Amino acid sequence: MILGVNVPNFGPGAEPDRLAAWAQTVEGLGFDLLMVSDHVAITPDVAERYPAPFYEPFTALAWLAGITRRVRLGTTVLVAPYRHPLLVARMAANLDRLSGGRFVLGVGTGWARQEFEALGVPFERRGRLTDDLLRDVRAAWRDTGDYQSGEVPVWVGGHSDAAMRRAALFGDAWHPLRVTLPWLEEAVERLARIAGREGRPVPALAPRIALRLTSEPPGGERLAGEGTLDQVLADLHRLREMGARSVVLDPVLAHPDETLRPENAWRDLAAVAARREELT
């Protein structure tokens with residue numbers, strides 16, 4: 001199983017030195033993949049969850065590619081309607097080449113209405129725009145020599161049936177974010193049915209889950225990745241049994257101010273890394 005980490009490229013703690021320390025920590029602990037988020041206009045609805053500064057993902061990942069050697073780099077997720085497909089195709093292909101074939105393009109439709117308005121993009125058309133982008137990016141990679149990349153994996157985010165259909169038609173993997181295991185078990189079955197109706201192979205499963213270690217098992221329903229270290233390892237075992245080839249851990253959860261104190265997240269990541277051999 002490929003294990004990745006969602007690294008905060010936003011918030012009060014998003015200074016260049018700290019972002020570099022995140023990358024060096026993730027690679028040093030032996031994780032396979034480092035991913036960052038995407039927003040363009042930090043409108044009030046975005047700022048509530050992802051305050052400035054917010055580093056643009058292609059720029060940030062290109063810089064991180066230069067200070068890492070092994071870890072793969074990706075977007076979780078690029079908001080597809082915000083950019084022209086040929087621009088995305090070019091930037092993704094260039095980043096993949098410059099990093100030595102380490103790029104993963106995660107794509108989603110977006111959710112922040114005010115940001116869509118600020119960019120002049122119709123919120124109601126975000127699904128169609130995402131489909132068009134994925135189709136055109138793949139066509140550019142295939143048909144236009146100046147854009148050609150190697151095999152850049154495309155992960156498609158979203159929880160709806162439309163997102164699953166999009167993953168089956170255009171993606172290499174389905175990339176749901178922060179879910180419970182019972183929900184995901186049902187959703188994986190639904191994904192297979194949707195892919196079958198489209199006459200397409202079932203895309204790989206590559207979820208992004210929480211990572212928040214607790215000393216005692218939490219009560220009630222919990223997100224995958226929340227709980228004791230034994231519970232989190234059990235969640236990863238279950239995800240592998242469900243067919244997950246890749247899992248991204250998201251250790252920055254509760255409040256943007258946590259970006260000022262990355263040591264807590266690094267401690268949780270180190271605890272998982274120390275017992276990773278149990279996942280083989």
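Structure above, values below:
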{"read-out": "Probe 1.4 Å, all protein chains present, accessible-area order of H175, H159, H84, largest first", "value": "H84, H159, H175"}
{"read-out": "Full-stretch length increase - L98, E241 - with 0.36 nm per residue and alpha-carbon distance subtracted", "value": "48.0 nm"}
{"read-out": "Under the Karplus curve 6.51 cos²θ - 1.76 cosθ + 1.60, θ = phi - 60°, whole-Hz ³J(HN,Hα) for the stretch 3-13, x wherever Gly or Pro sits", "value": "10, x, 9, 7, 9, x, 9, 8, x, x, x"}
{"read-out": "Sulfur and carbon atoms: percent of accessible area, the chain [1.4 Å]", "value": "50 percent"}
{"read-out": "Karplus (6.51, -1.76, 1.60) ³J(HN,Hα), θ = phi - 60°, over the stretch 31-42, in Hz, Gly and Pro reported as x", "value": "5, 9, 8, 10, 10, 10, 8, 9, 8, 10, 10, 7"}
{"read-out": "Antiparallel content of DSSP bridges confined to the stretch 2-279, in %, to 5", "value": "5 percent"}
{"read-out": "Solvent exposure ordering (accessible area, 1.4 Å, most first) of M242, M164", "value": "M242, M164"}
{"read-out": "Long-range amide H partners of V107 with built H, under 5 Å", "value": "L78, W155, V156, G157"}
{"read-out": "Accessible area per residue in Å² at 1.4 Å probe, computed on the stretch 2-279", "value": "43 Å²"}
{"read-out": "Accessible heavy-atom area order of E189, E278, E56, E115, highest first, probe of 1.4 Å", "value": "E189, E278, E56, E115"}
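The values are calculated or read from the model by the stated rules, or taken from the named source; none is laboratory data. If you're wondering where the values come from, they're calculated on a predicted model, not measured in any experiment. Remember, those area values only see protein heavy atoms, side chains included, never the ligands or the DNA or RNA. Shrake-Rupley method; radii C 1.70, N 1.55, O 1.52, S 1.80 Å.
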